[in-house]
Amino acid sequence: MLINLQINFPIDILGDENVEHWQLVRNAPFWLRGFQGNELQHLLRRLKFQGKYLEENQPQRYSDLITRIRYLMFKINFKHYKRPWLMRPTVGPNEPLPDYYDPRSS
């Protein structure tokens, strides 16, 4: 008799359908169990759950966490960031362009 392991394997690990796969993970941090998201969402969730503990007991890790969150926020929102040195300023027909504007950048 040949047993098809591809069909029986998940049932052997998970048991019946009442148990979700994320409930079986015991060695993961409690704030990470069952979580799906990108790195920024992951760090924001960690800050929400462990922020005060890290700030009081591990200030270097807290500082690194905040720094990484700031970097990711800038990286994700960079396209929405208005850069006045790249935009042509609105001036009247007889007014000169400001000094900070470089026409080669447009």
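Laboratory data are not the source of any read-out in this text; all were calculated from the coordinates shown. Note that the structure is a prediction, hence the values are computed from the model and not measured. Cβ coordinates were reconstructed from backbone atoms using ideal geometry, including for glycine residues, and neighbour counts include every protein chain displayed.
Brief remarks on what is shown
- Net charge of neighbours whose Cβ lies under 15 Å from the Cβ of residue 51, counting Lys and Arg as +1 and Asp and Glu as -1: +4
- Estimated vicinal HN-Hα couplings, Hz - the stretch 27-36 in sequence order (Karplus 6.51, -1.76, 1.60; Gly, Pro = x): 9, 8, x, 5, 7, 9, 5, x, 8, 10
- Neighbour net charge for residue 69 - beta-carbon separation under 12 angstrom, K R +1, D E -1: +4
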